[in-house]
Amino acid sequence: MINGEPFNLSTQPFLEQIYADLSRHIVVMKAAQMGISEYAINKSIWFLENCGDVLYVLPTDGDSNDFSAGRLNPAIEESPHVVDLFTDVANVGHKRSGNRNYYLRGSNSRSRLKSVPIDFLVLDEFEEMVQKNIPLARDRMDASPYKWELNMSTPGVPEAGIDAEFAHSDQHKWLVRCEHCNYDQELTFPDNIAGDEYVCRKCRRPIDRFHGQWVAARPGADIRGYHLSQLFSPTVTAAELMKSYALAISNQHKLADFYNSKLGLPYVPEGHKLEKSIVLSRRGDKLTAQSSEAGTAMGVDVGALLHCTVSEPG
C-alpha cells in the first residue's frame, strides 16, 4: 500500500522492468524524484521476506536514521502484510523479521559497517558516500550465497561515483518509438522538446514518452545498469524542464545541478575540470618517476571555490 492505495506502476511503466529484474548487481544512475528510493524499499523488504538479511547504507548515520523513521517505518506500517513480516521495528538501525535482519547504516561509520553479515547490500545516494568504506560494506556479503547489490544515486562529475559504476554496467537506456515515423530514440535534452511539448527529434511531432523499452548499450556486461531522466517522468512537463534550464543557464553550479538532478547525467562546469594533459604540460624535468630529486608539488581541488596548495623543495 502506498498513500492508502494499492501499489501499481500504471503511471511509471519505465519502472516495470527494473522491478522485475532479479540481476545480482544493479546500478541506477538517476534524476531526482524518479521513484527509485521507493523501489529500493520495496525490493529490500521483498528480499528480506524471501531470501535473507539486508544492509541499507546511506551517506551518514544521520541520513540512515532519518530514512528509517521517515521512509522505511511508514512503508512498513502502511501495508498489513508487511507489518506482519516484522517482529521488531523500534530500533532505527535494526529491524527484525523472525530470524532475519534489516540493518540501516551510514557509510561514515566503519565500526557499524563491520559488525553485520548480510545477503543484500543497498547503497543509496552512492555519490555522497565515503568511498573508501564501500569495499568494507561489500565484504559483509563474503559468506552469503546471494551477494545481491543495488547502487543508486544522482550523478556528480564524469568518470567518478555512480557514473563510474554505470560505465561498467550494460547501460540500459529507455528508448521511445515515435508513433508517427516509427523512429526509436533515447529522449535527450533539448532535442526532444519543442515549446511546451515533448516531440520526436526526427519528425518533430508529439511523442508518447511512456511507450518505450529498455535497451542495453553494452549487452552481456556482468552488471545491470539503468539511466533514468526526468524527460520520462510523469510529473515533469516539458515547460517545467525548459524553465529550470533557463534559470540555470547563467550559473555554472546551477547548470551542473540541472544536469545531475533533472537529466540524471554527470556534468562538469566549463573550466572546472583539471585535465591530466594540463598537469603533464606543466611538469618540470626533475619531477619524473626515475628522479630522486624533490621538485615543486601542487595540489588542486576545484569546486565552488578553488583550493590550491603548493609545496616547495626543502
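The values are calculated or read from the model by the stated rules, or taken from the named source; none is laboratory data. None of the values given here were measured: they were computed from a predicted structure. Reconstructed Cβ throughout: ideal geometry from the backbone, glycine too, with neighbour counts over all protein chains shown. Remember, those area values only see protein heavy atoms, side chains included, never the ligands or the DNA or RNA. Shrake-Rupley method; radii C 1.70, N 1.55, O 1.52, S 1.80 Å.
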Open item on the list: I'd like the FRET efficiency for A297 and D21, computed as 1/(1 + (r/R0)^6) with the beta carbon distance as r and R0 of 45 Å, rounded to 0.05.
Closed with: 0.45
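Let me know the volume per residue of the alpha-carbon convex hull for the stretch 5-91, in Å³. Please list the in-between numbers first.
Values: hull volume 11.1 nm³, N = 87.
Per residue, the Cα convex hull of the stretch 5-91 comes to 128 Å³.
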- [ ] Name the long-range amide H neighbours of K30: under 5 Å, sequence gap of 5 or more, or other chain; modelled H, no Pro or chain starts.
- [x] S153, T154, L228
Open item on the list: Quick check on the chain: of the DSSP beta bridges with both residues there, what percent are antiparallel, nearest 5%?
Closed with: 45
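Can you give the longest run of the chain that contains no GluC sites (Glu not before Pro) sitting in a DSSP loop with at most 13 other Cβ atoms inside 10 Å?
Details: sites that count: E159, E179, E270, E275, E293.
The segment 1-158 is the longest one with no such site.
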Open item on the list: Loop only by DSSP, 15 or fewer other Cβ within 10 Å of the Cβ. Give me the chymotrypsin sites (Phe, Trp or Tyr not before Pro) in the stretch 1-90 that pass, ordered by residue number.
Closed with: F7
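Which of the chymotrypsin sites (Phe, Trp or Tyr not before Pro) found in the stretch 157-231 are loop residues per DSSP with 16 or fewer other Cβ atoms within 10 Å of their Cβ?
Numbers: sites: F166, W174, Y183, Y198, F210, W214, Y226; in loops: Y183, F210.
Filter output for the stretch 157-231: Y183, F210.
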Open item on the list: Just to confirm my numbers, what's the Cα centroid distance between the stretch 219-269 and the stretch 129-201 in Å?
Closed with: 11
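Counting only helical runs of four or more DSSP H residues, what would the 222 nm mean residue ellipticity of the chain come to if each run contributes -39,500 (n - 2.57) and the total is spread over all its residues? Before the final figure, lay out the partial values.
Numbers: 11 runs with 79 residues, N = 314.
Per the formula, -6500 deg cm²/dmol.
Ordering V28, V215, V82, V310 from largest to smallest accessible area (1.4 angstrom probe), what's the sequence?
Values: V28 0, V215 55, V82 25, V310 75 Å².
Heavy-atom accessible area, descending, gives V310, V215, V82, V28.
Step by step: find N for the stretch 89-183, compute 2.2 N^0.38 Å, then divide the Cα radius of gyration by it. What's the final number? Present the calculation step by step, with values, prior to reporting the outcome.
Working: Rg = 17.4 Å, N = 95, 2.2 N^0.38 = 12.4 Å.
In units of the 2.2 N^0.38 Å rule of thumb, it is 1.41.
Based on the Cα coordinates of the chain, what is the per residue volume of their convex hull in Å³?
188
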Open item on the list: Taking just the alpha carbons, could you work out the radius of gyration and Dmax for the stretch 146-215, both in angstroms?
Closed with: 15.4, 49
- [ ] For the stretch 104-207, give the share of DSSP beta bridges that are antiparallel, in percent and rounded to the nearest 5; count only bridges with both residues there.
- [x] 55
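What do you get when you divide the Cα radius of gyration of the stretch 1-150 by 2.2 N^0.38 Å, with N the number of residues?
Values: Rg = 14.6 Å, N = 150, 2.2 N^0.38 = 14.8 Å.
Compactness ratio reported: 0.99.
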Task: No Cys partner within the rule (Cβ under 4.7 Å), the chain - done: C51, C308
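How long are the semi-axes of the equivalent ellipsoid of the stretch 50-139, taking √(5λ) for every eigenvalue λ of the Cα gyration tensor, in whole Å from largest down? Present the calculation step by step, with values, prior to reporting the outcome.
Numbers: eigenvalues 101, 42, 21 Å².
Largest first, the stretch 50-139 gives 22, 14, 10 Å.
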- [ ] Sort the stretch 171-266 into rounded, prolate or oblate with this rule: let a ≥ b ≥ c be the square roots of the eigenvalues of the Cα gyration tensor; rounded if a/c is under 1.5, and if a/c is not under 1.5, prolate when a/b is larger than b/c, oblate otherwise.
- [x] oblate
Task: Highest-MSF residue in the chain out of N133, N192, N251 [GNM, Cα springs under 10 Å] - done: N251
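Excluding V176 itself, what net charge comes from residues whose Cβ is under 9 Å from its Cβ, given Lys and Arg +1 and Asp and Glu -1?
Details: positive: R177, R209; negative: D184, E186, D208.
Once all neighbours under 9 Å are counted, the net charge is -1.
Fully extended, how many nm does the chain gain between L247 and R138 (0.36 nm per residue separation, minus their Cα-Cα distance)?
Working: separation 109, 0.36 × 109 = 39.24 nm, distance 4.03 nm.
Length gained, L247 through R138: 35.2 nm.
On a 29 Å Cα-Cα criterion, which of the cross-link pairs K43/K202; K95/K147; K95/K254; K114/K262; K43/K243; K147/K254 come out too long? Spell out each step's value before the answer.
Numbers: K43/K202 38 Å; K95/K147 20 Å; K95/K254 39 Å; K114/K262 35 Å; K43/K243 34 Å; K147/K254 38 Å.
Where the Cα-Cα span goes over 29 Å, the pairs concerned are K43/K202; K95/K254; K114/K262; K43/K243; K147/K254.
Taking all protein chains in place and a 1.4 Å probe, what share, in percent, of the accessible surface of the stretch 103-204 do carbon and sulfur account for? Walk me through the numbers on the way to the answer.
On the way: 2050 of 4500 Å².
About 46 percent, which is the carbon plus sulfur part of the accessible surface.
Which FRET efficiency value, to the nearest 0.05, is calculated for E179 and Y146 with the Förster distance at 41 angstrom and r the Cβ-Cβ distance? Spell out each step's value before the answer.
Numbers: r = 41 Å, r/R0 = 1.01.
Plugging the Cβ-Cβ distance into 1/(1 + (r/R0)^6) gives 0.50.
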